[in-house]
């Protein structure tokens, strides 16, 4: 069995430009009546929701202890505000990703999982906009840890718990994403990484971090599957 952990934003889907900052501004304003200019926000790409919340709290002068106590309320408010925007108009499907997931899911020795900075509810909301949620029943999320480097092992442990066996580990798990942080979190756990330049990072920027395979996009599904099998040494 092989576990393939997919990032969401920039890899599977992308939000319409400007929408994420707009919604985060609204969440903060609704809960804390704080208006923070979006240009001051930390760069979202590859970050976890916990990291982003911590940085925004720091910039706004809010007490992080209070914010931590309020996390369940923040996540509920985020899901409530995001939900109406989870449509094709605002959530865009990355090239051929539906075909790639369908192909990978057809192999009984492959399990698909998530590794994302989104908190769990928002992750599945985004995927549901294009019916991709059906492919994923395990993963690690932005509410699990502020440090993305911790997420792969959380996802592996959950997949093993679900299987009720120690099926997955460093030799049969990989990370697929669109940012340097996806590569780095894979390396932190001694896992292979595949990168795709459909997000904020360009092909040559990702190449500098030496992923095990790199694509402009996943439109050539057979080639992507071939590279996954090559990395796993599946013959």
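The values are calculated or read from the model by the stated rules, or taken from the named source; none is laboratory data. If you're wondering where the values come from, they're calculated on a predicted model, not measured in any experiment. Note that we place each Cβ from the backbone using ideal geometry, even for glycine, and neighbour counts take in every protein chain shown.
Select, from 134, 121, the only residue that is modelled with pLDDT under 90 and in the same structural domain as residue 167 (by TED's automatic domain parsing).
Just one listed residue meets the conditions, 121.
Can you go through 175, 196 and tell me which one is touching a helix residue (DSSP H, G or I) at 6+ places or on another chain (Cβ under 7 Å) and modelled with pLDDT of 95 or more? Walk me through it before giving the result.
Details: 196 fails: touching a helix residue (DSSP H, G or I) at 6+ places or on another chain (Cβ under 7 Å).
Matching residue, one of 175, 196: 175.
For the stretch 121-141, how many residues are buried (at least 16 other Cβ atoms within 10 Å of the Cβ) and either under 16 Å from residue 11 (Cα atoms) or out of contact with any helix residue (DSSP H, G or I) (no Cβ under 8 Å at 6 or more places or on another chain) (or both)?
Step one: list which residues in the stretch 121-141 are buried (at least 16 other Cβ atoms within 10 Å of the Cβ), which gives 121-127, 129-130, 132, 135-136, 138-141.
After this cut, where a residue has to be either under 16 Å from residue 11 (Cα atoms) or out of contact with any helix residue (DSSP H, G or I) (no Cβ under 8 Å at 6 or more places or on another chain) (or both) as well, the list is 122-127, 129-130, 132, 135-136, 139-141.
Summing the residues that are buried (at least 16 other Cβ atoms within 10 Å of the Cβ) and either under 16 Å from residue 11 (Cα atoms) or out of contact with any helix residue (DSSP H, G or I) (no Cβ under 8 Å at 6 or more places or on another chain) (or both) in the stretch 121-141 gives 14.
Identify the single condition in (1) surrounded by fewer than 15 Cβ atoms within 10 Å (Cβ to Cβ); (2) within 28 Å of residue 217 (Cβ to Cβ); (3) at pLDDT 65 or above that residue 29 does not satisfy, given that it satisfies every other one.
(2)
Go through (1) more than 16 Å from the chain's Cα centre (by Cα); (2) surrounded by fewer than 16 Cβ atoms within 10 Å (Cβ to Cβ) one by one and return the number of the condition residue 209 breaks.
Every listed condition holds for residue 209 apart from (2).
Take the stretch 76-93 and flag every residue that is surrounded by 19 or more Cβ atoms within 10 Å (Cβ to Cβ) and either closer than 26 Å to residue 153 by Cβ or without any contact (Cβ under 8 Å) to a residue 40 or more places away in the chain (or both).
Of everything in the stretch 76-93, just one residue is surrounded by 19 or more Cβ atoms within 10 Å (Cβ to Cβ) and either closer than 26 Å to residue 153 by Cβ or without any contact (Cβ under 8 Å) to a residue 40 or more places away in the chain (or both), namely 78.
Return the residues of the stretch 94-129 that are free of Cβ contacts under 8 Å to residues at least 60 places away in the same chain and closer than 21 Å to residue 24 by Cβ; say none if nothing qualifies.
120, 121, 124, 125, 128
Quick one: residue 183 ticks every box in (1) in contact with a helix residue (DSSP H, G or I) (Cβ under 6 Å, 6 or more places away or on another chain); (2) touching a residue at least 24 places away in the same chain (Cβ under 8 Å) bar one, so which box is it?
So residue 183 meets the others, but not (1).
Here is a yes/no grid of residues against (1) outside the structural domain of residue 138 (by TED's automatic domain parsing); (2) surrounded by 19 or more Cβ atoms within 10 Å (Cβ to Cβ); (3) part of a loop (DSSP other than H, G, I, E, B); (4) touching a strand residue (DSSP E or B) at 6+ places or on another chain (Cβ under 6 Å):
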site: 169; (1), (2), (3), (4): no, no, yes, no
site: 174; (1), (2), (3), (4): no, yes, no, yes
site: 191; (1), (2), (3), (4): no, yes, yes, yes
site: 201; (1), (2), (3), (4): no, yes, yes, no
